[in-house]
Amino acid sequence: MAAAESAPSPLNSALAAVLGSVLEHARPKTSGAVATYIPELANEDPEQLGIALASVRGTVHQAGDSDAEFTIQSVSKPFVFALALEQSGLAAVTRHVGLEPSGEPFNAISLEEATGRPLNPMINAGAIVTTSLIRGDGADEKFAVIDAGLSAFAGRTLDVDEAVFASEADTGDRNRALGYLARAAGTLASTSEVATTAYFRQCAVTVTARDLAIMAATLAGGGVNPVTRERVVSEDVARWTTAVMTSSGMYDASGEWLVRVGLPAKSGVGGGIAALQPEEFGIGTFSPRLDGRGNSVRGVAMLEELSERHGLHMLEHRDAPLSPIGEISVGGAGADSEVAGDDVVAMLRGDLTFGNAEEVLTRLLPLLESERSITLDFGSVTRVGEPAARIFRWAAEALGETADGRARVELRDPDGVLGA
Ligand code: GLN
């Protein structure tokens, strides 16, 4: 039912049905409990259950309560980390916060002895330091920058649940204490009060599973929001952020998550999880009951099931790809008048990665003899990654000329896929 309701058109229904099916798989799992240490969160309806998937091409598929709003909580952490990286760069940010998985609960008192840095930006201590790095003097200014950034990731203006904010501000002394410790260690870039007030507002931003899917898809697409087409952060920042989600996004369950699900992800005590498959899609899930580590029980169940059923683990073994070498013609056999003597023309095809470039050169260079040249024809190539392009340019330059002055490796690139 849920799947059919949320499928906006019949063309959309195949993926919505897949999502609806994992949602129904997870629905009976009613263990766990809604977070209560932030009193206002205890009012969430525990039965809510939603999932959405956004492709990097901008299509969104949804099932269940995928438009229900809830507070983002810790799912904000990777996105604010990305904003800090975009603003200040990796070197400056990592002077304040580390990149090592902590293996500890999200609210652990975690500061490296030698540097005073929290171990990583996905636990509270690290996230509070990250928020302190965002430009702006007071909490309001910092939060305005954060809200604009989170909204750009989601592709719509995101609001704050004032009741949840007030509730955490009333009770958030442990987080304030983490702020004071980081301040004393010299790693907090503002006062503890400014950093935690901005952080509590950031955690109280309301999103839907659909928003989380689009936010995650923005990281999957190298920093470009697939729906608005806005570049939110650079490719480097998207990759660094995804790497930290991979190692630390599920707190002290991160290692097991990486083996079982294999999708970079981040959870929050509001019941949300954002997960992504780099280059392909983002997923958002919502279900408020949490396990002992603060991860949504049914969110974890849906992502585990989806990954297992559909082979979505990021390290899934893929079968040998199509050979990058199509037809090879020798000595004008292809009736190509430009091919002299027994020169070789190789038609390349598909997407040329570093590994494909290696195969092309390994198979073709042995054909080079003193009087022979090889033309690599890129006319049927769909895309050349920069690492591959570099190898081909190197071969064209470094392998020199035949005795009669022809390039030994010539790059024929009618559509300019090799780039500059
Ligand atoms: N605002 C919450 C806190 O700081 C976020 C924690 C979480 O989602 N894991 O305690």
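The values are calculated or read from the model by the stated rules, or taken from the named source; none is laboratory data. The shown structure was predicted, so the numbers you read here are calculated from the model rather than taken from an experiment. So basically every Cβ, Gly included, is an ideal-geometry build from the backbone, and we count neighbours across all protein chains shown. Quick note on the areas: whole protein, heavy atoms, side chains included, nothing else; ligands and nucleic acids left out. Shrake-Rupley method; radii C 1.70, N 1.55, O 1.52, S 1.80 Å.
If I filter region 304-325 for residues that are hydroxyl-bearing (Ser, Thr, Tyr), open to solvent by less than 10 Å² (accessible area, probe 1.4 Å) and more than 16 Å from the ligand (Cβ to nearest atom), do I get at least one hit?
Looking for residues that are hydroxyl-bearing (Ser, Thr, Tyr), open to solvent by less than 10 Å² (accessible area, probe 1.4 Å) and more than 16 Å from the ligand (Cβ to nearest atom), one finds at least one in region 304-325, hence yes.
Output the residue which, of all residues in region 82-98 that are touching a helix residue (DSSP H, G or I) at 6+ places or on another chain (Cβ under 6 Å) and part of a loop (DSSP other than H, G, I, E, B), is most open to solvent (accessible area, probe 1.4 Å).
Result: His96.
How many of the residues in region 226-259 are assigned to a helix (DSSP H, G or I), over 21 Å from Ala84 (Cα atoms) and out of contact with any helix residue (DSSP H, G or I) (no Cβ under 6 Å at 6 or more places or on another chain)?
Adding up the residues that qualify gives 7.
Only one of these conditions is not met by Ala148: (1) more than 27 Å from the chain's Cα centre (by Cα); (2) of a type in the set (A, V, I, L, M, F, W, C); (3) closer than 20 Å to Ala82 by Cα. Which number is it?
Every condition holds for Ala148 apart from (1).
Inside region 402-420, can you point out the residues that are more than 31 Å from the chain's Cα centre (by Cα) and surrounded by 11 or more Cβ atoms within 10 Å (Cβ to Cβ)?
Those that are more than 31 Å from the chain's Cα centre (by Cα) and surrounded by 11 or more Cβ atoms within 10 Å (Cβ to Cβ): Thr402, Arg406, Ala407, Arg408, Val409, Glu410, Leu411, Arg412, Asp413.
Across region 35-55, what is the number of residues that are more than 16 Å from the ligand (Cβ to nearest atom), part of a loop (DSSP other than H, G, I, E, B) and surrounded by fewer than 21 Cβ atoms within 10 Å (Cβ to Cβ)?
Qualifying residue count, region 35-55: 4.
For the structure I just gave you, tell me whether Glu397 is in a loop (DSSP other than H, G, I, E, B), of a type outside the set (Lys, Arg) and farther than 22 Å from Pro321 by Cα.
no
Is it the case that some residue within region 117-140 is away from the ligand (no atom under 15 Å from the Cβ), of a type in the set (Ser, Thr, Tyr) and in contact (Cβ under 8 Å) with a residue 60 or more places away in the chain?
The answer is no; no qualifying residue exists.
Tally up the residues in region 111-137 that are open to solvent by 40 Å² or more (accessible area, probe 1.4 Å) and in contact with a His (Cβ under 8 Å, 6 or more places away or on another chain), please.
Count: 1.
Filter region 159-212 for residues that are within 12 Å of the ligand (Cβ to nearest atom), of a type in the set (Asp, Glu) and under 27 Å from the mean Cα position of the chain (by Cα) and give the result.
Answer for region 159-212, where residues must be within 12 Å of the ligand (Cβ to nearest atom), of a type in the set (Asp, Glu) and under 27 Å from the mean Cα position of the chain (by Cα): just Asp161.
Let me confirm something: among Gly50, Gly89, which residue is of a type in the set (Gly, Ala, Ser) and under 23 Å from Val300 (Cβ atoms)?
Residue meeting the stated conditions: Gly50.
Identify, by number, the condition in (1) at pLDDT below 95; (2) of a type in the set (S, T, N, Q); (3) away from the ligand (no atom under 16 Å from the Cβ) that Ser254 doesn't meet.
For Ser254, the exception is condition (3).
Here is a list of conditions, (1) under 23 Å from Tyr251 (Cα atoms); (2) in contact with a Lys or Arg (Cβ under 9 Å, 6 or more places away or on another chain); (3) part of a helix (DSSP H, G or I), and Leu111 meets all of them except one; can you say which number that is?
(3)
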